[in-house]
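A quick write-up on the structure given underneath.
The values are calculated or read from the model by the stated rules, or taken from the named source; none is laboratory data. Every value quoted in this text rests on a predicted model; they were computed, and no experiment measured them. So basically every Cβ, Gly included, is an ideal-geometry build from the backbone, and we count neighbours across all protein chains shown.
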Amino acid sequence: MHAQDSALPTSGGVERLFYTLKEAAALLQISPETYYRGVREGRFPGRKVGGQWRVPCAALHRYAEGEVAS
């Protein structure tokens, strides 16, 4: 990711807090299955929200910039 890409995404003018697991995988150009396995192993950021996996946007951006998953 580039510096200008580090701002949190918006949806309808509202700051977005989470990506779906599928969206996060697409942004990293990996399969959703690989991302899911990485979340379970603690390699990628993610948490369950309402019974579904969600990826905090800020955590994914930090990960993509080379920082440790949270």
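Would you please name the residue that is surrounded by the most Cβ atoms within 10 Å (Cβ to Cβ), looking only at residues in segment 1-26 that are within 12 Å of A64 (Cα to Cα) and at pLDDT 95 or above? For segment 1-26, the residue satisfying everything is A24. Which residues, counting only those in segment 45-62, are surrounded by 19 or more Cβ atoms within 10 Å (Cβ to Cβ) and more than 8 Å from the chain's Cα centre (by Cα)? Matches in segment 45-62: W53 only. Determine, yes or no, whether R43 is part of a helix (DSSP H, G or I) and out of contact with any His (no Cβ under 9 Å at 6 or more places or on another chain). In short, no.
Pairing each residue of segment 32-50 that is closer than 11 Å to T20 by Cα with any residue that is assigned to a helix (DSSP H, G or I) and of a type in the set (D, E, K, R), provided the two are 6+ apart or on different chains, yields C-beta distances under 6 Å for P32/K22.
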